[in-house]
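FYI, it's all coordinate maths here, none of it is from the lab. These numbers were taken from a predicted model, which means no experiment stands behind them. Here Cβ is always computed from backbone atoms with ideal geometry, including for glycine, and neighbour counts include all displayed protein chains.
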Amino acid sequence: MTDTLTVDGHTIPLLGLGTWQLEPDDARRMVGHALANGYRHIDTAWIYRNEKGVGEGIRDARVARDSFWLTTKIWVDHFSHDALLKQAEESAESLGTAPDLLLLHWPKPNPPLAETIGALNEAKARGLTAAIGLSNFPSAEWKKAQALSEARLITNQVEYHPYLSQKTLIDTARDLDASITAWSPLAQGKVVGDATIREIAEAHGKTAGQVTLRWIVQQGIVAIPKTASEKRAAENLDIFDFELTADDMARIHALARPDGRLGDWLDAAFEWDQDTSR
């Protein structure tokens, strides 16, 4: 299996380093280490307050800019036309480079989606990002956003792990010729103690975390696990030398449950897709 995914002409590494909750110094350390040791995908956001640290880590690593994928996100307070463009400029300055992908962090009812999507397309046209997309958008809002967007919204970054089915969103991504990116792919560490995943991991000589990440990328979904540990970062990256069986995949899919969501900050104006199983 390849370790990249191509969407709308953009080649995206399937395994990246997430930086949510990393303090700036830790973000710098981990990004620098990750890029110097084989990672080619880094994810951050304005609201993480660590874009400058990420940028410093990029400079520390001294790898060619065209050799890695960089994503950041527009915060919801910046969804008006002028505020979005201003934040896009500030993020590029903090990172030391324009990102490859700029996402809307969460859907909001105001300002109108057409204004926000228009500004996001303008950011792309101005060279403030190579591609655009969404984060945490239910399928109905994703379809509305794509209908309003001149450019392809190439991904929707959402919570996804064995305990949360995202079948509707995965199907929507396929229908829209787009992709899914999984945040909290290890269910905030909960997979480590899961008996089913541990049994599968033992059969493959891998850890529960590696099996879970393999389960995600084997679906053609991007995973961006966060870690502040160099050892764990290396472990997370080591998932492209084995393959799960169809039975393995089905057993992990069967772990999804109605109460599996860990991070619910969706505006009350919207509703999640109601998936209970794969």
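General remarks:
- Candidates 132, 154, filtered to the one that is buried (at least 21 other Cβ atoms within 10 Å of the Cβ), in contact (Cβ under 8 Å) with a residue 40 or more places away in the chain and over 30 Å from residue 194 (Cα atoms): 154
- All conditions in (1) under 18 Å from the mean Cα position of the chain (by Cα); (2) not in a helix (DSSP H, G or I) hold for residue 91, with the sole exception of (2).
- Each residue in region 200-230 was checked for being buried (at least 18 other Cβ atoms within 10 Å of the Cβ) and over 18 Å from residue 162 (Cα atoms), and 1 pass.
- Scan region 231-253 for residues that are touching a residue at least 24 places away in the same chain (Cβ under 8 Å) and surrounded by 13 or more Cβ atoms within 10 Å (Cβ to Cβ) and the total you get is 15.
- Among all positions in region 19-35, there is at least one residue which is assigned to a loop (DSSP other than H, G, I, E, B), surrounded by 21 or more Cβ atoms within 10 Å (Cβ to Cβ), among the polar types (S, T, N, Q) and in contact (Cβ under 8 Å) with a residue 60 or more places away in the chain.
- In region 250-270, the residue that is farthest from residue 174 (Cα to Cα) out of those that are under 21 Å from the mean Cα position of the chain (by Cα) and not in a loop (DSSP other than H, G, I, E, B) is 252.
- All positions within region 36-58 that are buried (at least 24 other Cβ atoms within 10 Å of the Cβ) and assigned to a loop (DSSP other than H, G, I, E, B): 44, 50
- In the set 212, 172, 155, 196, only one residue is within 30 Å of residue 23 (Cα to Cα), outside any loop (DSSP other than H, G, I, E, B) and out of contact with any strand residue (DSSP E or B) (no Cβ under 6 Å at 6 or more places or on another chain); that residue is 212.
- For region 175-189, the set of residues classified as in contact (Cβ under 8 Å) with a residue 40 or more places away in the chain and not in a loop (DSSP other than H, G, I, E, B) consists of 179, 180, 181, 182, 183, 187, 188, listed by residue number.
- Taking every residue in region 51-74 that is free of Cβ contacts under 8 Å to residues at least 40 places away in the same chain and pairing it with any residue that is exposed (fewer than 15 other Cβ atoms within 10 Å of the Cβ) and aliphatic (A, V, I, L, M), at least 6 positions away or on another chain, the pairs with Cβ-Cβ distances below 9 Å are 60/36; 61/36; 62/36; 63/36.
- Residue in region 234-250 that is among the β-branched types (Val, Ile, Thr) and in contact with a strand residue (DSSP E or B) (Cβ under 8 Å, 6 or more places away or on another chain) present: yes
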